[in-house]
């Protein structure tokens, strides 16, 4: 386990970083497995979409692409701050790492509020999980993604707990949790393009 | 002030600049979706367009690869993980496009 405190040594800072797997390899197995599971969901969705393209297109028109774009920008920006958090933790600057972790959490919260708002707007206009096949996929995919986001908040909590004290600050745990957060982001990238953009 | 922390600071600033450029590229692609979205449709109605679907999936894969390489720092990971991720992205793309086009052919 590499401590954040150890990284404060100037010699360690100036050396060119060697190639290493960011975080624990187990997390990468989980990431690739998650990507595989979601790909299966997406493949079934696209196959059914081809069968009922008229219904899917009519239902898709009720989604707000601007809100979807805002969600995407929020998560992409949160990913950038998460990267800055990891870089600061590696350099041993716990305060900057904590600031970036807080910014990441704030943007994640923005995404959560935006997504719940969109759900409320849709259900108010009579489009729920059981309305039709498109909305069944919409609520299932965005719902399961939101569940991943909530788990992402737990990983953010773990990062903040690690950063609060240099004694327990583990660079590897910070990197592992960050990898999970980025996975939430990249899954949304695919969901956004499949639900909002494809025709 | 010694030269070593100065170098570390300069490298840190360079890394931040790089991540900001990557973010701008990702946001630009996302905004490009909106243009794609508008060009695909007749006024008041959405139309089925295979070319839009294909471009949307390919652009999403470009974004996913960028996130893997830059934000998840796969570009600094061992070659094996780099190639595995590339293979994974290609597999996801193949699966998505195949499902869509097989669905079109079957129905």
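The values are calculated or read from the model by the stated rules, or taken from the named source; none is laboratory data. What you see is a predicted model; the values in this text were computed from it and never measured. Don't worry about glycine lacking a Cβ; one is built from the backbone with ideal geometry, like all the others, and counts go over all protein chains shown.
Scanning the range B:90-104 for residues that are at the interface with chain A (Cβ under 7 Å from one of its Cβ atoms) and in contact (Cβ under 8 Å) with a residue 24 or more places away in the chain, which turns out nearest to residue A:52 (Cα to Cα)?
B:104
Before we move on, is residue A:60 facing chain B (nearest Cβ under 7 Å) and without any contact (Cβ under 8 Å) to a residue 12 or more places away in the chain?
When the stated conditions are applied, residue A:60 does not pass them.
Look through A:119, A:181 and report the one residue that is farther than 25 Å from residue B:69 by Cα and touching a residue at least 12 places away in the same chain (Cβ under 8 Å).
Exactly one of A:119, A:181 is farther than 25 Å from residue B:69 by Cα and touching a residue at least 12 places away in the same chain (Cβ under 8 Å), namely A:119.
Please determine, by comparing only the residues of the range A:141-178 that are part of a loop (DSSP other than H, G, I, E, B) and touching a residue at least 40 places away in the same chain (Cβ under 8 Å), which one is surrounded by the most Cβ atoms within 10 Å (Cβ to Cβ).
It comes out as A:169.
If I filter the range A:93-113 for residues that are within 7 Å of chain B (Cβ to nearest Cβ) and at pLDDT below 95, do I get at least one hit?
no
Does residue B:23 satisfy the criteria of being in a helix (DSSP H, G or I), within 8 Å of another protein chain (Cβ to nearest Cβ) and either modelled with pLDDT under 95 or within 14 Å of the chain's Cα centre (by Cα) (or both)?
Considered against the rule, which asks whether it is in a helix (DSSP H, G or I), within 8 Å of another protein chain (Cβ to nearest Cβ) and either modelled with pLDDT under 95 or within 14 Å of the chain's Cα centre (by Cα) (or both), residue B:23 comes out as yes.
Does residue A:46 count as modelled with pLDDT of 90 or more and more than 9 Å from chain B (Cβ to nearest Cβ)?
No: the conditions fail for residue A:46.
Going through the range A:102-138 one residue at a time, which ones are closer than 19 Å to residue B:18 by Cα and either buried (at least 18 other Cβ atoms within 10 Å of the Cβ) or touching a strand residue (DSSP E or B) at 6+ places or on another chain (Cβ under 6 Å) (or both)? Spell out how you get there, then give the answer.
Filtering the range A:102-138 for residues closer than 19 Å to residue B:18 by Cα gives A:103-104.
The answer is A:104, and nothing else.
Report, by residue number, each residue of the range B:8-19 that is free of Cβ contacts under 8 Å to residues at least 24 places away in the same chain and surrounded by 12 or more Cβ atoms within 10 Å (Cβ to Cβ).
Of all residues in the range B:8-19, those free of Cβ contacts under 8 Å to residues at least 24 places away in the same chain come to B:8-17.
B:8, B:9, B:11, B:12, B:15, B:16, listed by residue number.
Restricting to the range B:69-89, name every residue that is more than 7 Å from chain A (Cβ to nearest Cβ) and either touching a helix residue (DSSP H, G or I) at 6+ places or on another chain (Cβ under 8 Å) or at pLDDT 95 or above (or both).
Answer for the range B:69-89, where residues must be more than 7 Å from chain A (Cβ to nearest Cβ) and either touching a helix residue (DSSP H, G or I) at 6+ places or on another chain (Cβ under 8 Å) or at pLDDT 95 or above (or both): B:69, B:70, B:74, B:75, B:82, B:84, B:85, B:86, B:89.
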